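Single-structure report; data block below.
The values are calculated or read from the model by the stated rules, or taken from the named source; none is laboratory data. Bear in mind the structure is a predicted one, so any value in this text is a computation, not a measurement. Note that we place each Cβ from the backbone using ideal geometry, even for glycine, and neighbour counts take in every protein chain shown. What goes into the accessible areas is simple: the full protein's heavy atoms, side chains included, and nothing from ligands, DNA or RNA. Shrake-Rupley method; radii C 1.70, N 1.55, O 1.52, S 1.80 Å.
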Amino acid sequence: MTKVTSLHRTMKMKIMITGIGGVGGYIASVLCANYDDVTLVARKKRKESLQTKGLVVHSDFFGHHVAHPAVTDDPSSAGIQDVIFICVKNYSLEAALTAVLPCIGDDTIVVPVLNGFTYHDTATSIMKNGKIVDSAIYITSSYQEDYSIRQEGRFARIYIGSDDAEATKKVYDVLNHPGLTCCIAENITVEIWRKFILNCAYNVLTAYYRTSIGGALSQPQGKEEFRALLQEAYDVGKAAGVPLPDDVVDDQYRRILGSNDMDATSSLERDIAASHQSELDTFSGALIRLAHQYGVPVPISEKCYQALV
């Protein structure tokens, strides 16, 4: 087992993570390697597994780690926290955040680590106190049948930002450790939309064709559809007033076509293939509604959405 030591272990920080899936479990592993007072919120069989076997992570980027943090299905029992990471799917945000409200004091920083662009407004409507630092994470990570976490690829990068510079810097200090590259975004809304645009193409197209990104791109119109999905999401973002750089579509198109990981799928493709609840509405649904609001045509997004809904 690889062990990471850090001066941060001497700091008295109370950290909580709810949503111990691929992303939340990975972030929790990095935090457990650097802080002593980490609480995971989990229920039923996942809670039992974490309590008996610990938090097990197999990572191309971070190595193999086993940690034994506190685990609870009653967040209120952990008391007020310094930082809380909400790492759930969008459809679970309201329930997850409501459950940890007793842990949010005036100075607590809540970091939603979710897909899409709507989570901030949802979190703001639920929270009565505390501060929000937004994020956008790039990672390929999932939990296995035995509840261990498998992270693939030589990268795990998270962008953070808010109007509160002090809170943002605090989250940066908490997160920026071996195994997780943390960057303070110049404009976090741009970073959120940059990722959202990619998800609206990558996740949606892999789900549409029920295959890997390589399999989707190899379809007769695969490359053209992928680029069109990127462009449609970009056009909607620009219409909504997001100051996106001009090269976003070209950059993401070239990067994915030049990727060495053409066997990768997406969380949306995996959820739909398994007939699980999915984030289709987080991507296509939200995009199409915003497109209609601003009068932006999104025919390929609508075609994929109708096929998957």
Per the filter on the range 245-274, residues of a type in the set (A, V, I, L, M, F, W, C) and surrounded by fewer than 20 Cβ atoms within 10 Å (Cβ to Cβ) are 257, 262, 264, 273, 274
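Give 208, 234 a once-over and let me know the one that is in contact (Cβ under 8 Å) with a residue 24 or more places away in the chain, open to solvent by less than 30 Å² (accessible area, probe 1.4 Å), of a type outside the set (Val, Ile, Thr) and more than 22 Å from residue 61 (Cα to Cα). Explain how you work it out, then say what you get.
Values: 208 fails: open to solvent by less than 30 Å² (accessible area, probe 1.4 Å).
Just a single option satisfies the conditions, and that option is 234.
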When residues of the range 17-40 are limited to those that are over 16 Å from the mean Cα position of the chain (by Cα) and under 15 Å from residue 100 (Cβ atoms), the one surrounded by the most Cβ atoms within 10 Å (Cβ to Cβ):
40
Would you pick out the residues in the range 147-198 that are out of contact with any Pro (no Cβ under 9 Å at 6 or more places or on another chain), of a type in the set (S, T, N, Q) and either closer than 30 Å to residue 227 by Cα or open to solvent by 20 Å² or more (accessible area, probe 1.4 Å) (or both)?
151, 162, 176, 181
Within the range 125-146, which residues are open to solvent by 10 Å² or more (accessible area, probe 1.4 Å) and within 19 Å of residue 165 (Cβ to Cβ)?
130, 131, 132, 134
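Answer yes or no as to whether residue 85 is under 28 Å from residue 201 (Cα atoms), hydrophobic (A, V, I, L, M, F, W, C) and modelled with pLDDT under 95.
On the way: under 28 Å from residue 201 (Cα atoms): yes; hydrophobic (A, V, I, L, M, F, W, C): yes; modelled with pLDDT under 95: no.
So residue 85 does not fit the description; no.
Can we say residue 201 is buried (at least 17 other Cβ atoms within 10 Å of the Cβ), free of Cβ contacts under 8 Å to residues at least 60 places away in the same chain and touching a Lys or Arg at 6+ places or on another chain (Cβ under 9 Å)? Show your work before the answer.
Details: buried (at least 17 other Cβ atoms within 10 Å of the Cβ): yes; free of Cβ contacts under 8 Å to residues at least 60 places away in the same chain: yes; touching a Lys or Arg at 6+ places or on another chain (Cβ under 9 Å): yes.
Criteria met by residue 201.
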Selection status of residue 72, modelled with pLDDT of 95 or more and of a type in the set (Ser, Thr, Tyr):
yes
